[in-house]
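Asks: Sharing a structure here in structure tokens format.
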Amino acid sequence: MKRFTTIVLFLVMIIAAVEVVLPKVVSDAAAQGLRDLTGSKQATARVDKIPALFMLDGNFDRVTADVSEVKTEKITFRNMHISLRDVKVDIQSLLASRKLVLEQVKEVELTATIGQEDLAAFLNNSVKGVKNAAVTITPEKIQVTSALTVGSFARVDVRLDGRIVSDRENRRITFVTERFWLNNTPVGNIGGSLLTEVPLMDLRKMPFNVNVRDVVMEQGQVIIYTDNRS
């Protein structure tokens, strides 16, 4: 009986250790995999499965992660929160190579934040002739001021008011100019009939199959809410 009790206690200790250690090992591997998958600078992740031992078959109840400085084809997101439910991954690739290969995800929620500096850097790098753009984001509008160089010598001061909108049909996020000034002179009608669109992101090129649910402008930032719901 004493020998049996000792064996049982040993097994309990092993299982308890697995329940503590395995989630940490898998979560760290998932963080590295998400960092590479999203092109981010830094990532932290938590993987949940009950019991934890079942993680070894690659099935997770939930994966949550926070990643920062996510570089896309066009713009850099300041940070991104990722929530995945009912996830199936290639567990061998995850543990051996820290590569996150998603085989199945039932639910995806992704929240991305664009800061004023991120949008300004995008405009400076992506819009021809724009230099030293300064961006101010408020709940009502996004204001951009810049100097636009035309040809070799001509330089005009530019100011525009706009907002970031989503196109669910084409799964794109776009900056739309609603009012435009050149050297303090309005261009187009005062009511804002001149609309200029600048593509920021094509969601079809993201590693997650999501579409935009909502775009919220706050003081100093824009928050984009996406998920994979129909």
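Asks: Report yes if Thr174 is open to solvent by less than 70 Å² (accessible area, probe 1.4 Å), under 22 Å from the mean Cα position of the chain (by Cα) and modelled with pLDDT of 80 or more, otherwise no.
Replies: Here the answer is yes, as Thr174 does meet what is asked.
Asks: Please find, among Arg85, Arg78, Arg35, the residue that is over 13 Å from the mean Cα position of the chain (by Cα) and of a type in the set (Lys, Arg). It would help to see each step written out before you state the result.
Replies: Values: Arg78 fails: over 13 Å from the mean Cα position of the chain (by Cα); Arg35 fails: over 13 Å from the mean Cα position of the chain (by Cα).
Being over 13 Å from the mean Cα position of the chain (by Cα) and of a type in the set (Lys, Arg) holds for just one of Arg85, Arg78, Arg35, which is Arg85.
Asks: While we're here: Under 6 Å between Cβ atoms, at least 6 apart or on separate chains: pull out the pairs that start in region 198-209 with a residue that is closer than 16 Å to Gly39 by Cα and end on any residue that is of a type outside the set (D, E, K, R) and open to solvent by 50 Å² or more (accessible area, probe 1.4 Å).
Replies: Close Cβ pairs satisfying both conditions: Pro207/Leu37.
Asks: Which count do you get for residues in region 49-89 that are open to solvent by 20 Å² or more (accessible area, probe 1.4 Å) and in contact with a Leu (Cβ under 8 Å, 6 or more places away or on another chain)?
Replies: Initially, region 49-89 is screened for residues open to solvent by 20 Å² or more (accessible area, probe 1.4 Å), giving 49-51, 53-54, 56-57, 59, 61-62, 64, 66, 68-69, 71-74, 76, 78-79, 81, 85-86, 88.
Add one more test, that the residue is in contact with a Leu (Cβ under 8 Å, 6 or more places away or on another chain), and what stays is 53, 56, 62, 64, 74, 81, 88.
Within region 49-89, residues that are open to solvent by 20 Å² or more (accessible area, probe 1.4 Å) and in contact with a Leu (Cβ under 8 Å, 6 or more places away or on another chain) number 7.
Asks: I'm trying to understand the selection: among the residues of region 167-189, which are in a strand (DSSP E or B), of a type in the set (Asp, Glu) and farther than 20 Å from Thr113 by Cβ?
Replies: Answer for region 167-189, where residues must be in a strand (DSSP E or B), of a type in the set (Asp, Glu) and farther than 20 Å from Thr113 by Cβ: just Glu178.
Asks: Of Gln104, Gln32, Gln92, which residue is surrounded by fewer than 15 Cβ atoms within 10 Å (Cβ to Cβ) and in a helix (DSSP H, G or I)?
Replies: Values: Gln104 fails: in a helix (DSSP H, G or I); Gln32 fails: surrounded by fewer than 15 Cβ atoms within 10 Å (Cβ to Cβ).
Within the list Gln104, Gln32, Gln92, the selection yields Gln92.
Asks: How about region 107-126: which of its residues are modelled with pLDDT of 95 or more and loosely packed, with under 15 Cβ neighbours inside 10 Å?
Replies: Across region 107-126, the qualifying residue is only Glu107.
Asks: Answer yes or no: is there a residue in region 68-80 that is within 20 Å of Val210 (Cβ to Cβ), of a type in the set (A, V, I, L, M) and outside any strand (DSSP E or B). Please lay out each step first, then the result.
Replies: Kept after step one, since they are within 20 Å of Val210 (Cβ to Cβ), are these residues of region 68-80: 68-80.
Filter once more, keeping what is of a type in the set (A, V, I, L, M): 70, 75, 80.
Now narrow it down to the ones that are outside any strand (DSSP E or B): 75.
Yes, region 68-80 contains at least one residue that is within 20 Å of Val210 (Cβ to Cβ), of a type in the set (A, V, I, L, M) and outside any strand (DSSP E or B).
Asks: Okay, moving on. So, in region 94-145, how many residues would count as being among the acidic types (Asp, Glu) and over 18 Å from the mean Cα position of the chain (by Cα)?
Replies: Taking region 94-145 first, the residues among the acidic types (Asp, Glu) are 103, 107, 109, 117-118, 140.
Next cut, over 18 Å from the mean Cα position of the chain (by Cα) only: 103, 140.
Residues that pass the stated criteria total 2.
Asks: Checking Glu140 against (1) under 21 Å from Glu73 (Cα atoms); (2) open to solvent by 40 Å² or more (accessible area, probe 1.4 Å); (3) assigned to a loop (DSSP other than H, G, I, E, B), which single condition isn't satisfied?
Replies: Going through (1) under 21 Å from Glu73 (Cα atoms); (2) open to solvent by 40 Å² or more (accessible area, probe 1.4 Å); (3) assigned to a loop (DSSP other than H, G, I, E, B) one by one, Glu140 breaks only (1).
The values are calculated or read from the model by the stated rules, or taken from the named source; none is laboratory data. Computed from a prediction, not measured in an experiment: that's the story for all the values here. All Cβ positions, even for glycine, are placed from backbone atoms using ideal geometry, and neighbour counts span all protein chains on display. Each accessible area value is taken on the protein alone, full model and side chains, heavy atoms only, with ligands, DNA and RNA left out. Shrake-Rupley method; radii C 1.70, N 1.55, O 1.52, S 1.80 Å.
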